[in-house]
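Below: one structure, written as C-alpha cells.
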Amino acid sequence: MHLDAIDLRNFYARRIGLMVRRLLRSRFRAFWPDVEGLRVFGLGYATPYLAEFRTQALCTGALAPVRLGALPWPERASSHTALVDETELPLDDEAADRVLLVHMLEWSEHPHALLREIWRVLTPNGRILVAVPNRRGLWARMDSTPFGYGSPFSRSQLTQLLKDAMFQPESWHYVLHLPPFDWRLLTRWPDFWERAGDLLWPAFSGVIVVEATKQVYAGALAREPARKMRRRVVPIPAGAVTPRLAGQEKHRLFAEQILRR
C-alpha cells in the first residue's frame, strides 16, 4: 500500500509536514550547497525540496511515477513536472548531474531497476541523494505520516542495494529524531529534538539520508574462460560398419565421436 500525490500534498500542508519539510530541506542543502550550473531532478514526491535548488541550478525537473501521480510544480509558473515510468526515465544518457529521491525508493516495486536507470541518466561524476524511512525508527511503524508506508530500510540494506546498482555511498545522516506526533510541544522546538537525537539515539531516527556517487568503472568479476576442447580428426574408412550395441551404449559412443570431431 502507498499514498498518492494528493495525500502527500495534504501531509506537507499540516504543521508536522511543514516541520518535516524544513528539517529535510536544510539537510539536503547541506549535502549540495552549490548546484550552480547543474541539472537537478527530483524523483518521487520531491517538489517540497526542489524549490531549494531551483533558483541556482541550470534546470530542475520533478519526475513522478505513474502510480504516485503528479501535481503541477511550480504553482505560479510553467510546470516542470512529468509522469514517468520509474524504470524508463524520459532522459538521455548522462542528462542529470544530481538526482534527489524522496518518497520513492521505499514504494518502488523494482528498486534495483530504478537505481540502474538513475545510473544511466547520471553524468560520470553525478550524485544521488536518497531519503528513506529508517527500519529502526518509530516513524516507519506509524501510518500517520508518509514514512509509515512502503518498505523501510536499515543502513546495511540500503548500502547493499546501492552497491548492487553500481553506486558508492559517501555520506550519511539521520533525520527526524522526534516522535511522529502532530503535537505543538514537539513541533515548536524541532531543532532541540534533532540535536538531542544526534547525541542520544541517532540510530533510531525517522529517516536515513545518504549521498552516493556513480561508479563508472565498476564491473563484474572476470571469470576464467572455460578450457576449449581440442578438436581431433578421427578418420573413418568409407563403408566402415559399427558393431551392433545396446541402445544406450550405441548413443554414448556416437556422442563421443561427435565431441572428438
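The values are calculated or read from the model by the stated rules, or taken from the named source; none is laboratory data. Please read all numbers here as calculations on a predicted model, not as lab measurements. FYI the Cβ positions are ideal-geometry reconstructions off the backbone, even for glycines, and counts take in every protein chain you see. The protein model used for the area step is the full one, side chains on, heavy atoms only, and it has no ligands, DNA or RNA in it. Shrake-Rupley method; radii C 1.70, N 1.55, O 1.52, S 1.80 Å.
Per-structure values
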| read-out | value |
| --- | --- |
| Total residues in region 11-38, condition open to solvent by 70 Å² or more (accessible area, probe 1.4 Å) and either outside any helix (DSSP H, G or I) or out of contact with any helix residue (DSSP H, G or I) (no Cβ under 8 Å at 6 or more places or on another chain) (or both) | 6 |
| Subset of region 2-16 [of a type outside the set (Lys, Arg) and touching a residue at least 24 places away in the same chain (Cβ under 8 Å)] | HIS2, LEU3, ASP4, ALA5, ILE6, ASP7, LEU8, PHE11, TYR12, ILE16 |
| Residue count for region 138-172, restricted to those that are closer than 17 Å to LEU23 by Cβ, aromatic (Phe, Trp, Tyr) and surrounded by fewer than 21 Cβ atoms within 10 Å (Cβ to Cβ) | 1 |
| Scope region 85-100; condition surrounded by 22 or more Cβ atoms within 10 Å (Cβ to Cβ) and under 16 Å from ALA57 (Cα atoms); matching residues | ALA96, ARG98, VAL99, LEU100 |
| Region 39-60 - residue that is assigned to a strand (DSSP E or B) and either surrounded by fewer than 16 Cβ atoms within 10 Å (Cβ to Cβ) or of a type in the set (A, V, I, L, M) (or both) and, of those, modelled with the lowest pLDDT | CYS59 |
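Quick grid of which residues meet (1) free of Cβ contacts under 8 Å to residues at least 12 places away in the same chain; (2) in contact with a Ser or Thr (Cβ under 8 Å, 6 or more places away or on another chain); (3) in a strand (DSSP E or B); (4) open to solvent by 30 Å² or more (accessible area, probe 1.4 Å):
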site	(1), (2), (3), (4)
ALA62	no, yes, yes, no
GLY69	no, no, no, no
ARG76	yes, no, no, yes
SER79	yes, no, no, yes
ALA82	no, no, yes, yes
LEU115	no, no, no, no
ARG127	no, yes, yes, yes
ARG136	no, yes, no, yes
TYR174	no, yes, yes, yes
